[in-house]
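Okay, so here's the structure we're looking at.
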Amino acid sequence: MQPLTFDWHVLQLALERIALAWLLVLPTGFWSEQQGNAVGIRTFPLVSMASCGFLLLLQGNPSDSSRVLQGLIAGIGFVGGGAIVRHGISVRGTANAASIWAAGAIGAAVALGRIEFAVILAAMDVFTMVALIPIKEKIQRRRQPTH
């Protein structure tokens with residue numbers, strides 16, 4: 001067992017990384033909440049910061065980090081599954097579930113020091129969830145039979 005220690009430098013690094021992971025997914029969570037989705041302003045940041053935190057705990061141990069990352073991927077998939085709702089023959093929430101997975105990847109990227117990847121993932125996640133809605137709606141209108 002390791003003795004209890006406190007390192008201000010580690011605290012600063014952890015705070016910076018966890019806060020960045022939290023902030024990068026906040027726009028997606030905010031948008032999701034405004035849409036009335038089951039997951040939103042609280043879930044997205046929590047998934048991202050927790051992913052970041054778990055990996056920060058194990059920095060310097062690649063084999064443990066690899067196993068934790070595998071567990072995060074599976075676990076976040078489970079959380080995302082809760083966002084998927086079936087209404088009769090239609091299913092809603094699959095994009096939100098995938099976006100939760102992206103939130104986990106963003107947190108992991110920040111923890112691993114791959115900030116560029118985290119920023120790209122966050123920007124593309126927001127773009128996909130917000131800007132592609134008009135295209136989705138146009139496709140859905142074309143599918144509907146005209147009477």
Inset, instruction - Could you figure out which of (1) polar (S, T, N, Q); (2) closer than 19 Å to A131 by Cα; (3) out of contact with any Gly (no Cβ under 7 Å at 6 or more places or on another chain) isn't true of S32? - result: (3)
Inset, instruction - Output the qualifying pairs, or none if there are none: Cβ atoms under 9 angstrom, residues six or more apart or on different chains, first residue in the range 92-109 and under 17 Å from Q70 (Cβ atoms), second residue of a type in the set (D, E, K, R) and not in a helix (DSSP H, G or I). - result: A108/R114
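Considering only residues that are over 12 Å from F44 (Cβ atoms), among the small types (G, A, S) and touching a helix residue (DSSP H, G or I) at 6+ places or on another chain (Cβ under 9 Å), look in the range 76-96 and name the one that is modelled with the highest pLDDT. Step through it out loud before you land on a result.
Start the filter on the range 76-96 by keeping residues that are over 12 Å from F44 (Cβ atoms), which leaves 77-78, 81-82, 84-95.
From the residues that got through so far, the ones that are among the small types (G, A, S) too are 77, 81-82, 88, 90, 93, 95.
So of that shortlist, the ones also touching a helix residue (DSSP H, G or I) at 6+ places or on another chain (Cβ under 9 Å) come out as 77, 81-82, 93, 95.
Working: G77: 82, G81: 81, G82: 77, G93: 82, A95: 89.
For the range 76-96, the residue satisfying everything is A95.
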Legend entry - Matching helices (runs of 4 or more DSSP H) fully within the range 41-141 where at least 3 residues are surrounded by fewer than 16 Cβ atoms within 10 Å (Cβ to Cβ) and not hydroxyl-bearing (S, T, Y): 62-81, 115-126
Inset, instruction - For the range 1-40, enumerate the residues that are surrounded by 14 or more Cβ atoms within 10 Å (Cβ to Cβ) and of a type outside the set (A, V, I, L, M). - result: R17, W22, P27, T28, G29, F30, W31, S32, E33, N37, G40
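The values are calculated or read from the model by the stated rules, or taken from the named source; none is laboratory data. Only a predicted model underlies this, so the values are computations on that prediction, with no experimental measurement involved. Using ideal geometry, Cβ is built from the backbone for each residue, glycine included, and neighbour counts are taken over all protein chains shown.
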